[in-house]
Amino acid sequence: MGEAIVITSGKGGVGKTTTTANIGTALALMDKKVCLIDTDIGLRNLDVVMGLENRIIFDVVDVIQERCQLKQALIRDKRFEHLTLLPAAQTSDKDTLTTDGMKKIVAELKQEYDYIIIDCPAGIEQGFQNAIAGADRAIVVTTPEKSSVRDADRIIGLLEQTEMDPPTLVINRIRNHMMKNGDMLEVDEITQVLSIDLIGIVIDDDAVIKATNNGEPVAVHPNSKASIAYRNIARRILGETVPLQSLEEEKGMFQRVKRLFGMRS
Amino acid sequence: MLEKKQLIIIKGTREGLTLFIDESCSFEEAVIELKDKIIASRPKRDEPLVSVKVKLGNRYLDEAQKDQIGKIIGGENRFIIHSIQSDVVRREDALRWQEDSEVKTINRIVRSGQVIEVNGDLLLVGDVNPGGKVSSTGNIYIMGSLQGIAHAGSDGDRDAFIAASYMNPSQLRIADYISRAPDYESDGVYMECGLIDETQDKIIIDRLQALPHKRKELSGFERRMQNG
Ligand SMILES: Nc1ncnc2c1ncn2[C@@H]1O[C@H](COP(=O)(O)OP(=O)(O)OP(=O)(O)O)[C@@H](O)[C@H]1O
Ligand SMILES: [Mg+2]
């Protein structure tokens, strides 16, 4: 029996889709069977970030309306055998997706896969309700900005009213120099207000944008900081204790030695 | 034959008249006698208005009956009613007063978009995050940081106050007063309280230690009992 994790944020454009693609890919890298679901009907992106856009024949609405079998709608990833995507519909009416329909799909996928990662649309309306319907737990994504943290707080409040386990937090697009200057909220400040556990921090990394444009999640690259951050999140999902990534530019011999021993500060 | 018992007794005081209505007769009997007595003792047209306190003893009157009494005494006459006092309280009123004076303890974080409203005093063990709101008819005590909105004395009690371990609110409201945070980024303060300062006619923030001097004794319940 697999576990379903929804990636949500409230505010748009903070990195839900990027996080979904990369956590999914990182879990696949660790030999887990993973299925990604895009629930952002009408604004699907996940297929583009994964580079699978051209292969879409059926989508999640087709499954709900029984125009095809669930299996037929799943698209296999280019790189990983056991990574698949259930794409969102681009044209259909939003209202065709229902909480019951989602629960059914997720339950069926959990028989087959270790992890179901659900990409949630922005907002707190029906689309949000659909996305969280089948999930066992949630990861809330925020950036270090007030408005984003405020929306994350709102979302956490809504998640706390469900039966799900307490959500965990990803802080995305951190810019170290701005944080240092006090121009961005600090990690501690954010976790203090939101008071949920931090599952990862990801810096603002050009490699993310470059990779996205090439239709491959940055997590497949071995060395970029963001890639390591996403892989660390995946390890924490698997239950490993991994220390938080240092925000400092790595320099000096000692850092490199630590790295050789597989330790990260 | 015994002289008939007086159902209505009127006594003059310095402030006006006090009118006692017998507590054991029927309401109709009292009304009949009241009409006669009022006509007999009403001030003349050119005399000043007289204020009347009505005392009911152990009689309870509903709003309609109070209205009727008011019309008889006020009406065309040169009387104005100061108060109608009864020594008895209805059970449901008493229970409501009690509820209003209890401390409700809530243990959670009030997040953005969430609202907590209680009757009586509120003891919140947890934070009020930016965008969250707590409101009570009495005082508010927050063991945590207040960064959203708190409204004490929400149905008009200007003596209510707001105390917090860490105070950096976006707004404080007490009764019908509102104060908001300055537009510049400010650090909060620890162990302080907000209350209305009558002389400055606004909400001020002061150290918790100042509270005993400013809000002495009375709980909301005591105030209510005394003011009837
Ligand atoms: N760590 C990062 N570093 C640099 N760019 C990033 C990072 N995370 C996300 N981005 C970029 O930010 C933009 C928004 O990301 P994404 O589409 O994942 O957000 P979203 O929350 O899914 O948005 P929406 O609410 O529209 O669905 C994208 O262009 C993405 O490439
Ligand atoms: Mg998205």
task = Within region A:193-206, count every residue that is under 25 Å from A:Gly239 (Cβ atoms) and either more than 16 Å from ligand 2 (Cβ to nearest atom) or within 14 Å of chain B (Cβ to nearest Cβ) (or both).
result = 9
request  = Can you work out which of the residues in region A:104-137 that are over 19 Å from A:Thr20 (Cβ atoms), among the charged types (D, E, K, R) and more than 16 Å from ligand 2 (Cβ to nearest atom) is nearest to the other protein chains (Cβ to nearest Cβ)?
outcome  = A:Lys104
query = Does B:Ile9 satisfy the criteria of being surrounded by 17 or more Cβ atoms within 10 Å (Cβ to Cβ) and free of Cβ contacts under 8 Å to residues at least 60 places away in the same chain?
reply = no
task = Give A:Pro144, A:Pro217 a once-over and let me know the one that is within 11 Å of ligand 1 (Cβ to nearest atom), in contact with a helix residue (DSSP H, G or I) (Cβ under 8 Å, 6 or more places away or on another chain) and more than 14 Å from every other protein chain (Cβ to nearest Cβ).
result = A:Pro217
inquiry  = So for region B:175-183 (the condition being surrounded by fewer than 19 Cβ atoms within 10 Å (Cβ to Cβ), modelled with pLDDT under 95 and in a strand (DSSP E or B)), does at least one residue qualify?
reply    = yes
task = Could you check region B:4-56 for strands (runs of 3 or more DSSP E) lying wholly inside it with 2 or more residues that are under 27 Å from the mean Cα position of the chain (by Cα) and within 16 Å of B:Ile73 (Cβ to Cβ)?
result = B:16-21, B:50-55
task = Among the numbered conditions (1) assigned to a helix (DSSP H, G or I); (2) over 19 Å from B:Glu23 (Cβ atoms), tell me where B:Gly75 comes up short.
result = (1)
remark   = Listed by first then second residue, the pairs whose first member lies in region B:97-116 and is more than 14 Å from every other protein chain (Cβ to nearest Cβ), whose partner is of a type in the set (Ser, Thr, Tyr), with beta carbons under 6 Å and at least 6 positions apart or on separate chains, are B:Asp100/B:Thr137; B:Ser101/B:Ser219
task = Only residues that are part of a loop (DSSP other than H, G, I, E, B) and of a type in the set (Val, Ile, Thr): list them for region B:109-153, please.
result = B:Ile109, B:Thr137
remark   = For region B:91-119, the count of residues that are surrounded by 21 or more Cβ atoms within 10 Å (Cβ to Cβ) and touching a strand residue (DSSP E or B) at 6+ places or on another chain (Cβ under 6 Å) equals 2
remark   = Among residues of region A:1-15 being surrounded by fewer than 24 Cβ atoms within 10 Å (Cβ to Cβ) and either within 14 Å of another protein chain (Cβ to nearest Cβ) or acidic (Asp, Glu) (or both), the residue nearest to ligand 2 (Cβ to nearest atom) is A:Lys11
remark   = Of (1) small (Gly, Ala, Ser); (2) away from ligand 1 (no atom under 15 Å from the Cβ); (3) within 27 Å of A:Gln126 (Cα to Cα), A:Gly182 fails just (3)
query = Quick one: what pairs do we get from region B:192-205, first residue without any contact (Cβ under 8 Å) to a residue 24 or more places away in the chain, second not β-branched (Val, Ile, Thr), C-beta under 6 Å, 6+ apart or different chains?
reply = B:Ile204/B:Asp197
query = Would it be correct to say that A:Asp59 is buried (at least 19 other Cβ atoms within 10 Å of the Cβ), at negative phi, within 16 Å of ligand 2 (Cβ to nearest atom) and free of Cβ contacts under 8 Å to residues at least 40 places away in the same chain?
reply = yes
message = I need the full set of residues from region B:128-158 which are under 18 Å from B:Asp206 (Cβ atoms), within 26 Å of the chain's Cα centre (by Cα) and either within 14 Å of chain A (Cβ to nearest Cβ) or surrounded by fewer than 19 Cβ atoms within 10 Å (Cβ to Cβ) (or both), in order please.
response = B:Arg158
ask   = When you scan region A:16-38, how many residues do you find that are surrounded by fewer than 24 Cβ atoms within 10 Å (Cβ to Cβ) and either under 14 Å from the mean Cα position of the chain (by Cα) or more than 13 Å from A:Asp77 (Cα to Cα) (or both)?
value = 3
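May I ask you to verify whether A:Thr96 is away from chain B (no Cβ under 14 Å), farther than 28 Å from A:Lys32 by Cβ and touching a helix residue (DSSP H, G or I) at 6+ places or on another chain (Cβ under 6 Å)? Give the derivation first.
Details: away from chain B (no Cβ under 14 Å): yes; farther than 28 Å from A:Lys32 by Cβ: yes; touching a helix residue (DSSP H, G or I) at 6+ places or on another chain (Cβ under 6 Å): yes.
So A:Thr96 fits the description; yes.
The values are calculated or read from the model by the stated rules, or taken from the named source; none is laboratory data. All values derive from a computational prediction rather than experimental measurement. Note: ideal-geometry Cβ built from the backbone for every residue, glycine included; neighbour counts use all protein chains shown.
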